[in-house]
Amino acid sequence: MKTVIDLIEKEAAAAFAACGYDASYGRVTVSNRPDLCEYQCNGALAAAKTYKKAPIVIAGEVAEKLKENAMFEEIGAVNPGFINIRISGVFLADYLTEMAQDEKLGCEMAEKPETIIIDYGGPNVAKPLHVGHLRSAIIGESIKRLLRFMGNRVIGDVHLGDWGLQMGLIIEELKVRQPQLCYFDETYTGEYPEEAPFTISELEEIYPCASAKSKIDPEFAQKAHDATVKLQQGNRGYRAIWQHIMNISVADLKKNYEKLHVEFELWKKESDAQPYIPDMVQMLKDKGLAYVSEGALVVDVKEETDKKEIPPCLITKSDGASLYQTTDLATIVERQKLFEPDRIIYVVDKRQEMHFTQVFRVAKKAGIVPEQTKLQFLGFGTMNGKDGKPFKTREGGVMRLERLIGEINDAVYEKMKENRTGSEEETQKIAETVGMAAIKYGDLSNQASKDYVFDVERFCSFEGNTGPYILYMIVRIKSILKKYAENAGVDPEKLSSFVMEAPMGDVPAGKSQKELMLVLSRFHDMMDQACEELAPHKVCGYIYNVADVFSRFYHETNILAETDQKKQKGYIALIVLAKRVLETCIDLLGFEAPDRM
Ligand code: ARG
């Protein structure tokens, strides 16, 4: 379906043309003065210069033409030359009826669906999942769902960090603790044990301990570095330890992501890029792009138009150790080979922007991907505590994801406890669903690139611009529909076949009914924008608006007591659609609504 704006523009363009002006002046926008009109066209102001006429005269002529059109309820030409537009309730009701019949709520699918890889999550194996990774998971998942909804083929890749120094640190520390293990015996040729020499909690303790040690003990740090290189070069014993670490960590990560309703199509990892590295490095040398500088192999990536210094991209260290850049480049080689993506989107902390600028430039320069392939970096800001510093536990430690989720759920549970009607267990379950909405909405309602304050109190509030508030509105709609179906003895499934009614007159209820219809009719517009800008916060802004207008409509309209049955069915049709739009949107954001709360 065309968007409402497109449909109005078509009429406006025709009206300009009929009055002897260029049709391109018929551009229309949503009004920024909803008290005066719903849409507006400012084309007469621009046309005035070309046609050397007063803008109000042109606006007047075009408005006269538009008044003949049944699509509009009210057209006004106002000084200095705006055309104010109100669309007709009948038109809106028809539009929404069509939208309700469409599986995609009227959105037009991508004309040329793209193959898109989204690189998000990005946890580091053997390190606990912390809030920094939470943002990537939440934002990435939402972007994936948005682009997929619009008909693209979207593949989410968790891209585990499993090839860096943390592996060498763990191996070296393990060697200190258990030197007798067969993995460290260079002469050992037998099979390695199936059982890991550590548990997940031991593993989580080993890493921070080794990391701290490496900062004060240069000899240990060097050994850890050497162990990393050895692992990368295929040392058998180290690979076996690595495999144990992977098995244990990945199982734990999967459990965590499942709890977050974040799902990856691919569980690829940095090490999967290793086989591509030698050929890639050779290719960079052969093309004359890579050269040795200060003992490392580098590629120049600066461009004349750069406003700031972009240093050369490091490809490998002198000892051949691969770096973050190396694996990221080789990962692009692999992605190109396996998927030929039209686009790769990286959802990563914005502090890594330079890294990606360098990597993308090498990838383009060396022809690792075709010129038209889009490599997009979506950098997100830091999640801060109320003190404005990166979010920590009360004791000042790094906040682990599980604990954060636990705290939110407890906060929601506390709120719900007083009015709870269901069982303890049921209330806990609902608190989890609401808690998820609190976290995700709290995060996604901010523009991704901005830092934001994670405020448990505010995010869990049932009022204001929060996840729980949105859920509350959905629950309210569900309950009205349930009551209606009971009272009228109608099968609840049948409610979606009710016919939308045009709002009547200008009584308050009619007004908020129309407002609700207007905002619902803008779903398609919003989706186009959110996908174009990769901006889940647009979805949040939109549903907050829908929820707000619905709440007004609900207070001004006695839906269940309405005696005019036709009118009442029209109301029901409208809120059925509102519910569907809201539910679709929260699904795109990655959470869901309970039946009651
Ligand atoms: N593991 C990285 C980190 O924790 C994030 C990975 C992002 N993706 C990538 N292709 N580099 O910072």
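The values are calculated or read from the model by the stated rules, or taken from the named source; none is laboratory data. Here the structure is a predicted model, which means the values were calculated and not measured. Using ideal geometry, Cβ is built from the backbone for each residue, glycine included, and neighbour counts are taken over all protein chains shown. Accessible surface areas use protein heavy atoms only, side chains included; no ligands, DNA or RNA. Shrake-Rupley method; radii C 1.70, N 1.55, O 1.52, S 1.80 Å.
Things to note:
- Diffusion constant of region 517-597 at 37 °C, which comes from Stokes-Einstein with the Kirkwood Cα-pair radius and 0.692 mPa s, µm²/s: 238 µm²/s
- Sparse packing (at most 10 other Cβ atoms within 10 Å of the Cβ) combined with a DSSP loop state is found for the following GluC sites (Glu not before Pro) in region 463-501: Glu463.
- Measure of compaction for region 162-296 (Cα Rg per 2.2 N^0.38 Å): 1.21
- When restricted to Cα atoms, region 110-212 yields an Rg and a Dmax of 19.4, 62 Å, respectively.
- Over all projection directions, the Cα-based convex hull of region 323-412 averages an area of 8.3 nm².
- Portion, in percent, of the accessible area of region 191-241 that falls on carbon or sulfur, probe 1.4 Å: 52 percent
- Per-residue ellipticity at 222 nm computed for the chain from its helices equals -17000 deg cm²/dmol, with DSSP H segments shorter than 4 residues left out and the rest contributing -39,500 (n - 2.57).
- At the residue level, Cys209 shows approximately 50 square angstrom of accessible surface with a 1.4 angstrom probe and all protein chains present.
- Spread over its residues, the convex hull of the C-alpha atoms of region 370-470 is 155 Å³ per residue.
- Per residue, region 145-294 exposes 50 Å² of solvent-accessible protein surface, assessed with a 1.4 angstrom probe and all protein chains in place.
- Glu108/Val499 FRET efficiency (R0 25 Å; Cβ-Cβ; nearest 0.05): 0.55
- In region 19-118, the portion of solvent-accessible area held by carbon and sulfur atoms comes to 52 percent [1.4 Å probe, whole percent, DNA, RNA and ligands not counted].
- Over the C-alpha trace of region 401-544, radius of gyration and Dmax come out as 18.3, 53 angstrom.
- Cβ-derived FRET efficiency at R0 51 Å, Val90 paired with Thr50, nearest 0.05: 0.90
- Extent along the principal axes, Cα only, for region 1-157: 71, 36, 32 Å, with the longest axis given first.
- Between Asp349 and Phe380, the built amide H atoms are under 5 Å apart, and every one of these is 5 or more places off in sequence or on another chain.
- Whole-Hz ³J(HN,Hα) from phi, Karplus 6.51 cos²θ - 1.76 cosθ + 1.60, for region 151-160, glycine and proline x: x, 7, 8, 10, 10, x, 10, 6, 6, 5
- For region 266-314, GluC sites (Glu not before Pro) are listed when DSSP marks them as loop and at most 11 other Cβ atoms sit within 10 Å of their Cβ; the list is Glu294, Glu303, Glu304, Glu309.
- Chain lengthening between Val292 and Asn419 when straightened (0.36 nm per residue, less Cα-Cα): 38.8 nm
- Each Lys and Arg Cβ is given +1 and each Asp and Glu Cβ -1; about its Cα centre, the chain then shows a dipole of about 940 debye.
- Checking every one of the trypsin sites (Lys or Arg not before Pro) in region 323-425 against DSSP loop status and a limit of 13 other Cβ atoms within 10 Å picks out Lys386, Arg394.
- Coordinate range of the alpha-carbon atoms in region 1-83 per principal axis, descending: 36, 26, 19 Å.
- The slack in the chain from Gln180 to Lys337, taken as 0.36 nm per residue of separation less the alpha-carbon distance, amounts to 52.3 nm.
- Spacing of the modelled spin labels on Glu265 and Arg458, each 7 Å from Cα toward Cβ, amounts to 3.6 nm.
- Protein accessible area in region 403-455, 1.4 Å probe - carbon and sulfur %: 44 percent
- Within the chain, percent of DSSP bridges classed antiparallel, to nearest 5: 50 percent
- Cα principal axis extents for region 296-343, largest first, Å: 33, 32, 12
- ³J(HN,Hα), Karplus 6.51/-1.76/1.60, whole Hz, each residue of region 252-263, x for Gly, Pro: 5, 4, 4, 4, 5, 5, 4, 4, 8, 6, 10, 10
- Overall dimensions of the chain, expressed as equivalent-ellipsoid semi-axes from the Cα gyration tensor (√(5λ), whole Å, largest first), are 53, 33, 19.
- Tensor-based shape of region 249-387 (alpha-carbon gyration tensor, a/c under 1.5 rounded, otherwise prolate or oblate): prolate
- Stretch gain in nm, segment Cys209-Asp300, where the contour uses 0.36 nm per residue and the Cα spacing is subtracted: 29.0 nm
- Derived scalar couplings ³J(HN,Hα) [region 165-176; Karplus, 6.51 cos²θ - 1.76 cosθ + 1.60; whole Hz; x for Gly, Pro]: 4, 4, 5, x, 4, 5, 4, 5, 5, 4, 5, 5
- In nm, spacing of pseudo-spin labels at Glu556 and Asn69 (7 Å Cα→C-beta vector): 2.6 nm
- Cα-only Debye scattering, region 226-279: base-10 log of I(q)/I(0) at q = 0.22, 0.27 Å⁻¹: -0.92, -1.09
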